[in-house]
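Worksheet for the structure shown next.
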Amino acid sequence: MGLEYVRISPGFERYMPKDYVDLVKYGQFGRQVDVQQLGQFKELVEEHPMCAGCFMAYFIRIFYASLPNPEDTIVIGTAGCARLALSQAAVPFVYGNYGDTNAVASGLKRALTIRFPDKVKDVVVIAGDGGLIDIGFGMTMHSWFRREKFTTIMVDNEVYGNTGGQESGMSPKGVQLKMAPKGKQFDKINAVELAKVAGCVYVAKLAPTNPKRIAKTIRRAILAARHFGPTFIHAYTSCNIEYSIPTEKVLEDARKREKQDFAFYEWMTDEVREYFEEIEKQSQEVKV
Amino acid sequence: MYYVAEVNESECAKYNCKQCVLFCPEPNTLMYHNTKHTAWVNYSRCKGCAICVYVCSDLLKRNCIQMVMMTTGD
Ligand SMILES: Cc1ncc(C[n+]2csc(CCOP(=O)(O)OP(=O)(O)O)c2C)c(N)n1
Ligand code: SF4
Ligand code: SF4
Ligand code: SF4
Ligand SMILES: [Mg+2]
């Protein structure tokens, strides 16, 4: 589809908003951008109302620049902060009910496979820790048990950010939040191990400190989901509001957490590893 | 008045660097000029978080970005 997807009908160019025209002329459609070229092309995601310095917003920015196939990708989100930016991108976005994302994605991916048998259609869920591991836990797990072929990305800010600071299963033990005044009583859930046991074929965990590596991880997760089965990325994306991190220290905090409990981690099945070795032999980077 | 980042373009152009551009949380905001070899800020989109200052000053010790007050309409 490429550029055809966004091309402006002749005669209408001067009536279209500048941001749209820029997207057609200098955007990602019909070509593969490198995340290192950020700042030199028109990004898919537009202005959005997420907070200043929000690293979940940063992760989403890198996510859109990393898509191997934006014109044939559908993003599924839900209630929570991430959707505030996810819904402002030139990529189709489906708003699943809170907790339902992975059920919606399962149906959508299956339907797209039937409707467009000759095309690659990537389906990616991006939702919060509350949306995927608390309230959406059952649907997330069952999509993995059923080996549904789409990618799930958890943007983990370790709190219900959008509703003002309730603890989640992903909040670290002992942390004090507005709605956990005595400190959280239980351990942070080990989402990565759950994903492996439940049948994901590619699992990664990261803190957003290295854009090139985030991009590579996202591409790998999407490509593996196309061919083999469910894939999962657990990304630390701090909430500077609920965790009172001064905005200028947000990257410093991510670097600190990377040294503690968010060291880069990647696991995949032998089949997926062989596939990457094969395609990465052909090109240095993972490309489509 | 609002708080935005401002790049000292002649200083920035001394380094072949795009690091702050890769860490701004906002899309299409902290841009890179290919022929002038400098980062620059689209002020109307900048949210004033100063993550770019952390990258340029604290991590790289290049001190090419400052936070400044802008008057609406500037
Ligand atoms: C079925 C349902 N229950 C509750 C809510 C209210 N709600 C909106 S966002 C949210 C929590 C968001 O937390 P998380 O998923 O971690 O996302 P974050 O905002 O932290 O990114 C809740 C409980 C809802 N919208 N729908
Ligand atoms: S509340 Fe927290 S997670 Fe939500 S947009 Fe603001 S900083 Fe980001
Ligand atoms: S202050 Fe924040 S939003 Fe503004 S250019 Fe710097 S990193 Fe981007
Ligand atoms: S980090 Fe500093 S030197 Fe590097 S591109 Fe940004 S402003 Fe220029
Ligand atoms: Mg959350």
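No value in this document is a laboratory result; all are computed from the given coordinates. The structure displayed is predicted, hence computed values, not measured ones. With ideal geometry, Cβ positions are generated from the backbone for all residues, glycine too; neighbour counts draw on all protein chains shown.
I want to verify a result. In a Gaussian network model of chain A, Cα cutoff 10 Å, which of these has the top mean-square fluctuation: A:D253, A:D118, A:D34?
Comparing A:D253, A:D118, A:D34 in a Gaussian network model of chain A, the most mobile one is A:D118.
Can you work out the FRET efficiency for the pair A:E252 and A:Y15, with r the C-beta to C-beta distance and R0 = 35 Å, to the nearest 0.05? Walk me through the numbers before you get to the answer.
Working: r = 46 Å, r/R0 = 1.30.
Rounded to the nearest 0.05, the efficiency is 0.15.
Out of the range A:1-68, which trypsin sites (Lys or Arg not before Pro) are coil in DSSP terms and have no more than 11 other C-beta atoms within 10 Å?
For trypsin sites (Lys or Arg not before Pro) across the range A:1-68 that sit outside H, G, I, E and B with at most 11 neighbouring Cβ atoms in 10 Å, the list reads A:R7, A:R31.
Collect residues whose amide H, placed 1.01 Å from N in the peptide plane, falls under 5 Å from the amide H of B:T38; neighbours closer than 5 in sequence don't count.
B:H33
On average over all directions, what projected area in square nanometres does the protein assembly as shown have, based on the convex hull of its Cα atoms?
For the protein assembly as shown, averaging the hull's shadow over all directions gives 19.4 nm².
Checking the table A:K184/B:K18; A:K256/B:K61; A:K149/A:K281; A:K188/A:K212 against a 29 Å threshold on Cα-Cα, which pairs fail?
In this structure, A:K184/B:K18 exceed 29 Å between Cα atoms.
Pick from A:L132, A:L206, A:L23 the residue whose mean-square fluctuation is largest in a GNM of chain A, springs joining Cα atoms under 10 Å.
Comparing A:L132, A:L206, A:L23 in a Gaussian network model of chain A, the most mobile one is A:L23.
Pull out the extension gain between B:Y43 and B:E9, defined as 0.36 nm times the separation in residues minus the alpha carbon to alpha carbon distance; nm, one decimal.
Once the chain is fully extended between B:Y43 and B:E9, it gains 10.8 nm.
Calculate, for A:R110 and A:R273, the FRET efficiency according to 1/(1 + (r/R0)^6) with r their C-beta to C-beta distance and R0 30 Å; round to the nearest 0.05. Could the numbers behind the result be given before it?
Numbers: r = 26 Å, r/R0 = 0.88.
Plugging the Cβ-Cβ distance into 1/(1 + (r/R0)^6) gives 0.70.
Can you give me the pair-distance distribution of the range A:1-138, C-alpha pairs, 5 Å bins, whole percents?
That works out to 2, 10, 18, 19, 20, 16, 11, 5, 1, 0, 0, in percent per bin.
Antiparallel DSSP bridges in chain A: what percent, to the nearest 5? Intermediate values should be presented prior to the final figure.
On the way: 7 of 30 bridges.
Looking only at bridges with both residues in chain A, the antiparallel portion is about 25 percent.
Within a 10 angstrom radius of the beta carbon, how do A:I279, B:I65, A:I222 rank from fewest other beta carbons to most?
Listing A:I279, B:I65, A:I222 from fewest to most nearby Cβ atoms yields A:I279, B:I65, A:I222.
Each residue of the range A:181-197 in order: what ³J(HN,Hα) in whole Hz does its phi give by Karplus 6.51 cos²θ - 1.76 cosθ + 1.60, θ = phi - 60°, with x for Gly and Pro?
With the stated coefficients, the range A:181-197 comes to x, 8, x, 5, 8, 10, 6, 5, 5, 8, 5, 5, 5, 4, 4, 5, 5 Hz.
If I model a spin label as a point 7 Å beyond the Cα along the Cα-Cβ vector, how far apart are those points for B:M69 and A:L3 in nm?
If labels sit at B:M69 and A:L3, their model points lie 4.7 nm apart.
Can you give the mean number of other chain Cβ atoms that lie within 10 Å of the Cβ atoms in peptide A:40-46?
Shielding by partners across A:40-46 averages 3.
Under the Karplus relation 6.51 cos²θ - 1.76 cosθ + 1.60, θ = phi - 60°, what is the ordered set of whole-Hz ³J(HN,Hα) values for the range A:166-174, x standing for Gly and Pro?
7, 6, 10, x, 8, 5, x, 4, x
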